[in-house]
Structures are given as structure tokens and as C-alpha cells.
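Engineer: There's a structure below that I have some questions on.
The values are calculated or read from the model by the stated rules, or taken from the named source; none is laboratory data. As the structure is a prediction and not an experimental result, all values here were calculated from the model. Cβ coordinates were reconstructed from backbone atoms using ideal geometry, including for glycine residues, and neighbour counts include every protein chain displayed.
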Amino acid sequence: MNASARKQLFGTDGIRGVAGKHPLDHETLWSMGTALAVMLRQTSPSPRILLARDTRESGAGIAATLASSLEVAGARPEVAGVLPTPVLAFLTLDGKYDIGIMVSASHNPYHDNGVKVISGDGFKLSDEQEIELERLMSEHATEAGSAATPEPVEDPGLHEKRYLDRFRDGLGGDTTLSGLSVVLDCAQGAAYRLAPQVFEALGAKVQTIHCQPDGRNINLDCGSLHPEKLSRKVRESGADLGIAFDGDADRALAVDDTGRLLDGDFLLWRAALDLKARNRLAKSMVVATVMSNLWLEQVLRREGINLLRAPVGDKYVLEEMLRTGASLGGEQSGHIIYLDQSTTGDGILTGVRLADSVRRAGVPLSRWAEQYEPCPQVLINVKVRHQPVLGDHPIIGKAIKRAETNLGDQGRLLVRYSGTEPLVRVMVEGSEEKLVKSVAQDLAELIEREIGVESDNA
């Protein structure tokens, strides 16, 4: 059993759930703050913790509970207000905090929330650290105290200015977006102030949509999950491109000048080619996940770039980057990590670097989009009643091997359990769409018969 399988509360991106209900109820949050303080005091007698949140109405209360429990347990919490996750990661490292805590549920609707923990070096906690934190939480699951609503220690704008100054230094003095017209969809989320400031400071003509958060409209028919309005705005305004963020702005997707949506695989492709052309792609290597399209692997190989695959989750992408020395990695969802400038996915940085490459190339983004031809890919989710080891199942295991044989070297098959739901995810891709659909459907139907919730089989 691997480390992630033993975790009870933490998923691939922190703890997430419905605000006010377990594991985001007052008692569990209080035990989490206590456990964090206990863990940190093993190496620091008076640890400093920086807390930030996105724009959800439940965020302030969750931050208050965590801050109060941390303080009672001997830590020194500071509450920074609404900031994007990558800004918190930067501030945690830059300000020499022992840990950073982000209250956010990323792309989820407003009634959900979550807690992401950033270590003092700016990276997300490892599985082993999360397991230890859960153990300490169970030891300190005592009666919770009351939480006072904290006021920000500093104006979030001061934090944003520090990030912007360091951001521009990291890009280099020759980076400018002058002459570009950009539409930003800020998802009514944490980037609603900072993203326009960054693009404007670099000289772009900026139009914004979904920049009026009210606590309940975060991700509501907007942002990276719902880019339709952004596509329309780009077409109607004649902009050069559009960028769509998620709720905490650690990821972004792009829209070209014709309104076509471009996913994380496209962003990785263009970033890899741009970095290699400037001799800045470490080891001619890119890290993606098992879900990235086969096309990306093939097209990078033709350019002499090796694609490595990590499990789903940007933290696992980062772990593989650190292990191999890669400088670029990411996911289809738009979590792109430029390790030369950031310790985590940063949607604002992703958007700026794409826009900068478009400006330097002097070609419309749609010119590159025309070359983007992902292999046909089918993803089918099957609800299951229990989760045996798929490869060892006497019927499912053999079916998976037959499917891999049918696809040969012209396709790719991935069958895995969801990390958050009782589902088997069947993903098939390849050069022949008819074969891809047939293999996926046949395998999904067999899995449903054997272990699906509607199956009568034992």
C-alpha cells in the first residue's frame, strides 16, 4: 500500500469538502490547527504561519478557526486575507514562514472549501507529512475552543506588490506584453485584483470578466471550467488571447484569437518548445501526468524532448520534477509549474509566459492552435461497489491485457480508481477514433458487470 492510500483526510490537493461539515467542521479544523502547531514546534519553539484564502464566504470563518487553534497551541498565525495560492507559496518562502495555509477549494462551487498546506520551502506537503499530520490530528481531537474573527495583519495589496515586484524580476527586464490585447476571466476568485495588475504592469491592454466576487459566485459559470463566455469575449473584442483562471489561480487555460480553448497539454507543448529554443529547458525534459494526451508525448519526442509521466496531481508532478531535475511540468487541467520561477502551479505566470511567447513570435496564437491535434481520447467513469486490485482480478485483469494488445503501439490505456470517489476511470486514446471508442466501451461495460454498483455478481 502506498502512502497516499493510507491517508484518510488529505487528497491530492489538501483537504476538501462542504464547508461546515466534516472534515471542514469546527472541531476537525481546530484539531488540524493544533496538530500543525505541535508538528512545527518539534523544530521551532514559536513557529510562524501565514494564512490566506480565496473569495468564498466560508473562508474567513475557516481561517479564524485555524488561526485561533494555532495560537492556543503556541504558534504565531498571521492572516493575509484574499490571495492566490501561488502568492501564498511565494510569501511563505520569501517571508521565511514555517508554513503557509491556503483556505480554498480551487475550482469547486462556493459551498465547498478546503485547506492546502504549504511547507516553509514553498512546496506542498509530502504524503508522508500529511500522514503524520493526520496522526497528530487524531491525538489532539479534543474539545475545540472558540474562534475569533481575525483581521488581516497586513493589507493583501502589500503582499500582492511584493509578489509583483519579484514576479517581474524573475521574468527578466526584456519581458513586455506591449501591443497585446488580453481578456482575463478571473473566475470571481482570488486573482480578481492581482491578475489585471500583473498584465497591465507588463504593458498589455487588459479587459476583464468575472472580477466581482460576492462570496457565492466563485467559479459559477466562469473561469477555467466554464470558458464559454471568455471565448465569446475574445472573439467579439478582437483580443489576441484570453486566459481563464480557477478559484485560487494556481492554474489557467487559454483561448486563442478565434475563441478556441487550449488546455494544459497545449500550454506544456508551447512552453517546452519556447524554453528549448532559448536553452532554458533543463535536461530537455517535461513532466506531465498519466492523463496527458499521447499526442503531447509524440510531438515532444520529435523535438528531442523526453516526456515523463507522474500520477494525477500537481504535487506528484512536482515531486517527479524535483527527482529528475526537470524545470517544466504540469497537467491537462492547466496546472503548469515553471520551477525556475515558482514552487507551485501559477495561473498568472502561465498566462504571462504564453502571452510573452506570442508577442516574441509575432504570430497569432491560432497559428499554433492549428497544429494542435490531440489523439482521440475517451474517458468513461464506472461507479463501483468495491475496489479489488484491477490487474489481479481474474476477469478484469485479463481484459485489460487484451485491450492493451488491441491498441498496440498506436494507443494508450489507463485504468485506475479515482482518489476521491468510488469510481474506476477508463481512459483510452490512440490514432484511430473508432478503435479507441470500442476498446473503452467494451472495457467499461465489463468492469460494470464485474464490480459495478448495479452488478449482481459477488
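Engineer: Within region 9-27, how many residues are of a type in the set (Asp, Glu) and free of Cβ contacts under 8 Å to residues at least 60 places away in the same chain?
Structural biologist: Counting residues in region 9-27 that are of a type in the set (Asp, Glu) and free of Cβ contacts under 8 Å to residues at least 60 places away in the same chain gives 1.
Engineer: Right, another one. When only residues in region 295-354 that are more than 20 Å from Glu373 (Cα to Cα) and aromatic (Phe, Trp, Tyr) count, which is nearest to the chain's Cα centre (by Cα)?
Structural biologist: Here the residue is Tyr316.
Engineer: Looking at this structure, is Asn217 more than 24 Å from Asp340 (Cβ to Cβ), assigned by TED's automatic domain parsing to the domain that holds Asp314, in contact with a Pro (Cβ under 6 Å, 6 or more places away or on another chain) and not hydroxyl-bearing (Ser, Thr, Tyr)?
Structural biologist: So Asn217 fails the test.
Engineer: Are any of the residues in region 178-199 over 20 Å from the mean Cα position of the chain (by Cα) and among the acidic types (Asp, Glu)?
Structural biologist: Checked against the condition, which is being over 20 Å from the mean Cα position of the chain (by Cα) and among the acidic types (Asp, Glu), region 178-199 yields no hits at all.
Engineer: Additional query: May I ask you to list the residues in region 274-311 that are of a type in the set (D, E, K, R) and either on the phi > 0 side of the Ramachandran plot or out of contact with any helix residue (DSSP H, G or I) (no Cβ under 9 Å at 6 or more places or on another chain) (or both)?
Structural biologist: Correct list: Arg278, Lys283, Glu297, Arg301, Arg302.
Engineer: Return the residue satisfying two criteria in turn: it lies in region 272-307 and is assigned to a strand (DSSP E or B) and not aliphatic (A, V, I, L, M), and of such residues it is surrounded by the most Cβ atoms within 10 Å (Cβ to Cβ).
Structural biologist: Thr289
Engineer: Would you pick out the residues in region 37-79 that are under 17 Å from Ile348 (Cβ atoms) and not acidic (Asp, Glu)?
Structural biologist: Selection gives Ala52, Thr55.
Engineer: Can you say whether Ala187 is in contact (Cβ under 8 Å) with a residue 40 or more places away in the chain, small (Gly, Ala, Ser), part of a loop (DSSP other than H, G, I, E, B) and in contact with a Cys (Cβ under 7 Å, 6 or more places away or on another chain), as far as the supplied structure shows?
Structural biologist: yes
Engineer: Could you check region 51-72 and list, in sequence order, the residues that are within 24 Å of Asn219 (Cβ to Cβ), surrounded by 24 or more Cβ atoms within 10 Å (Cβ to Cβ) and hydrophobic (A, V, I, L, M, F, W, C)?
Structural biologist: Leu51, Ala52, Ile62, Ala63, Leu66
Engineer: Residue pairs, Cβ under 8 Å, 6 or more apart or interchain, first in region 75-91 and basic (Lys, Arg), second surrounded by fewer than 24 Cβ atoms within 10 Å (Cβ to Cβ). List them.
Structural biologist: Arg76/Ser46; Arg76/Pro47; Arg76/Arg48
Engineer: Starting from region 325-345, take each residue that is farther than 25 Å from Gly242 by Cβ and list its partners that are crowded, with 24+ Cβ neighbours inside 10 Å, counting only C-beta distances under 7 angstrom and pairs at least six apart or across chains.
Structural biologist: Ala326/Val286; Ala326/Val287; Thr343/Ala89
Engineer: While we're here: Write out, first by first residue and then by second, each pair whose Cβ atoms fall under 7 Å of each other, whose residues are 6+ apart or on separate chains, and whose first residue, in region 275-304, is free of Cβ contacts under 8 Å to residues at least 12 places away in the same chain while the second is β-branched (Val, Ile, Thr) and crowded, with 20+ Cβ neighbours inside 10 Å.
Structural biologist: Matching pairs, first to second residue: none at all.
Engineer: Mind checking which residues of region 293-329 are among the polar types (S, T, N, Q), over 17 Å from Asp340 (Cβ atoms) and modelled with pLDDT of 95 or more?
Structural biologist: If the condition is that a residue be among the polar types (S, T, N, Q), over 17 Å from Asp340 (Cβ atoms) and modelled with pLDDT of 95 or more, then Asn306 is the only one that fits.
Engineer: Moving on. Let me confirm something: among Arg425, Arg353, which residue is surrounded by 14 or more Cβ atoms within 10 Å (Cβ to Cβ) and outside the structural domain of Tyr338 (by TED's automatic domain parsing)?
Structural biologist: That would be Arg425, the only listed residue that is surrounded by 14 or more Cβ atoms within 10 Å (Cβ to Cβ) and outside the structural domain of Tyr338 (by TED's automatic domain parsing).
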